[in-house]
Amino acid sequence: RVERMAPVTTYQSVSFADKDDAPGGGGQDDPSEDEDEEASPSTTYGAFGGFAVVMNCIIGTGVFGLPYAFATAGLGLTTAFLVLGTALAMVSMVYTLEAMARAEGATRALEAMAKAAVAGRRSSSSPGGSSDVEASSPVVPPAPRHDIAMVRKHDVSSMGRLFEGRRSETAILLCVQLYGLATMWSYASAFGSTAASLGVAECDPYAESASRACERFYGVAVVAFGACVVPLALVDLGDQTTVQNALSIYRVVVLVAMIGTALGKVLYHRPGGLSAARSRGRAAGWASWADFGVGFGPCLLALCCQYNMPDALQPLRDKRRTARPVTFGAQAVAAVLYLALGLASVLAFDRVSPLATLNWSTYGLRWGLGAASDATSATQVAGRVVRLFILLSPAANVLSGYPIVGKTVADNALKTLVAHSATSLRAATPSLRRRAGACGLEGTALVKASQLAVTVPPIVLALLFKRLDTIFSIAGLLGFLLGLSIPAWLQVISLRFCRTLFADAPGVDRTTAVETPFGSRAVPPSVPLATAFLGFTLLVTLVALVTLTPLLGDDPVASSEEGDYGYASS
């Protein structure tokens, strides 16, 4: 039973051509070594680097769909979604970190038990050995050592396989794949529309009246985007630390600039000013329950990053001390910026674009710095620099976020493929195992091939379908499942698994069997609590899905008279 339970936890550490001795394998010498005996990654980062990477996981294109969600679903309802979503995201972050730690602790215990079982068989088969050694000396698990490993990575799908089996793994992997596809799809569409708005005058690729030149520029931009991000997805995250830090700072500065300029338009722009802002707020209303899904999806898409945590936190040093502050701090900062941006945009613009940065397409020309008739040339230049700085932000966001999402989705898919292939290979002949190893089943070639297979299709989809508001809503619902429902499910099955596994461990009770350094008094390791959390998230997702259905048949993006999303005459 121990050998059946022992998982293949990382394809990097197993060579099927040379080893039959992986835990659960065909019975040679050693299972994979403990983390303490493994080498550390070649590139790691500290708390600030971890904060930057997590911020880049959170602040993707989803943030630029939030103002449209505020304008459509209502100021009060969307604010409630954002506040509640942030609280739920922090709870699910605790669940994710604890599940990762328990996966490592359980794997270490299973490896130790497999070693003990092998040693027992050797002892019984050696001259003078007792044939009753296995019956008289049952394999007992060691005390649990729950922690997040520096080398061995437990993705959400592999955790589902470890704790529950293939059905759980398949369900999680399906959600990861669909969400990753929708997210990368939105990234490619956002990049193409941003480039088109900069390259063609008054270009809005989402409008029904978009010119042919605008649509052609959009297509060329999407292809160029694919040529940039697909190679980046083949590079390890630890080697991108400098780029991730710079882009994280840029993202925060852009959000602050958008909030500041929108508030400046509310306070100082004429005609309109505060009176126009009040009328825009009344037009948006407090709650449009018919548009529940329109507001709910983007809010959750903008906060979803839990499934990226195995990749983002693996190179983080001193995880016990910094993992929770890094993740919680990034979530809190992002939520404050999101709320301010959504409210300021609704009050500043008559019509809010599904891609919020397009509202700044006339900054420095019709409003803002340099728009006044008596503006100096220096002020005009400053206004256009700010405009370009903001309009380029979706491009910067997706250039850094696309490789992270692609790598995570590819790793989850590949681990499942390797784990399933391992089962077949262990039953195969040695010659077949050698041929599989020579073909790169566990090598770099297969890793790169899986990353290419995941990162190329969203580029093609963005060329065929570019309705960004609908993509945001669909991705948000999948993100809700992935960011909240699946961590709750992993908490439930990891608690049950570890309490069963360590039931006979000496000096271990039901509490110590599941304790991790990442727990919280506010979120105790309780199966009933996690089950209730899971049920609530599934219910809310169902309501959002029902209200989202009418959106799929409508086109909410009609071209405005002036094409500037918000400067049409009051």
Odd one out for ASP147 among (1) open to solvent by 20 Å² or more (accessible area, probe 1.4 Å); (2) modelled with pLDDT of 90 or more: (2)
Residue count, segment 245-254 (criterion: open to solvent by less than 30 Å² (accessible area, probe 1.4 Å) and out of contact with any Phe, Trp or Tyr (no Cβ under 8 Å at 6 or more places or on another chain)): 1
Any pair with Cβ under 8 angstrom, 6 or more apart, that starts in segment 531-545 at a residue that is modelled with pLDDT under 80 and ends at one that is open to solvent by 30 Å² or more (accessible area, probe 1.4 Å): THR541/LEU481
Among the candidates ARG366, ARG387, ARG324, residue that is touching a residue at least 60 places away in the same chain (Cβ under 8 Å), within 22 Å of GLY273 (Cβ to Cβ) and out of contact with any Ser or Thr (no Cβ under 6 Å at 6 or more places or on another chain): ARG366
Residue match in segment 434-455 (condition: assigned to a helix (DSSP H, G or I), at pLDDT 85 or above and not hydroxyl-bearing (Ser, Thr, Tyr)): no
Single residue of segment 300-321 satisfying the filter (buried (at least 18 other Cβ atoms within 10 Å of the Cβ) and more than 16 Å from the chain's Cα centre (by Cα)) that is farthest from THR44 (Cα to Cα): LYS319
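Per-residue answers, yes or no, for (1) surrounded by 24 or more Cβ atoms within 10 Å (Cβ to Cβ); (2) part of a helix (DSSP H, G or I):
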residue: LEU173; (1), (2): no, yes
residue: SER189; (1), (2): yes, yes
residue: SER197; (1), (2): yes, yes
residue: PRO205; (1), (2): yes, no
residue: SER209; (1), (2): no, no
Yes/no for LEU481 being among the aliphatic types (A, V, I, L, M), at pLDDT below 80, surrounded by fewer than 19 Cβ atoms within 10 Å (Cβ to Cβ) and in a helix (DSSP H, G or I): no
Filter result for GLY297 (under 23 Å from ALA71 (Cα atoms) and either surrounded by fewer than 20 Cβ atoms within 10 Å (Cβ to Cβ) or of a type in the set (Val, Ile, Thr) (or both)): no
Qualifying residue in segment 12-21 (condition: at pLDDT 60 or above and under 30 Å from TYR187 (Cα atoms)): no
In segment 378-395, residue farthest from ALA262 (Cα to Cα) [restricted to those that are among the small types (Gly, Ala, Ser) and at pLDDT below 85]: ALA395
Those residues of segment 227-244 which are at pLDDT 75 or above and open to solvent by 10 Å² or more (accessible area, probe 1.4 Å), in sequence order: ALA227, CYS228, VAL230, PRO231, LEU232
Total residues in segment 484-521, condition open to solvent by 10 Å² or more (accessible area, probe 1.4 Å), without any contact (Cβ under 8 Å) to a residue 60 or more places away in the chain and of a type outside the set (S, T, N, Q): 5
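Restricting to segment 345-356, name every residue that is surrounded by fewer than 24 Cβ atoms within 10 Å (Cβ to Cβ) and in contact with a Lys or Arg (Cβ under 9 Å, 6 or more places away or on another chain).
Residues satisfying the conditions are LEU347, ASP350.
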Among residues of segment 387-413, those that are over 24 Å from the mean Cα position of the chain (by Cα) and buried (at least 21 other Cβ atoms within 10 Å of the Cβ), counted: 1
Failed condition for THR327, given (1) at pLDDT 80 or above; (2) surrounded by fewer than 24 Cβ atoms within 10 Å (Cβ to Cβ): (2)
Only listed residue being over 18 Å from GLN331 (Cβ atoms), open to solvent by less than 20 Å² (accessible area, probe 1.4 Å) and either at pLDDT below 85 or among the acidic types (Asp, Glu) (or both), chosen from GLY120, GLY129, GLY105, GLY74: GLY120
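The values are calculated or read from the model by the stated rules, or taken from the named source; none is laboratory data. What you see is a predicted model, and the numbers here were worked out from it, not measured in a lab. Glycine gets a Cβ as well: all are built from the backbone with ideal geometry, and neighbour counts include every protein chain shown. Accessible surface areas use protein heavy atoms only, side chains included; no ligands, DNA or RNA. Shrake-Rupley method; radii C 1.70, N 1.55, O 1.52, S 1.80 Å.
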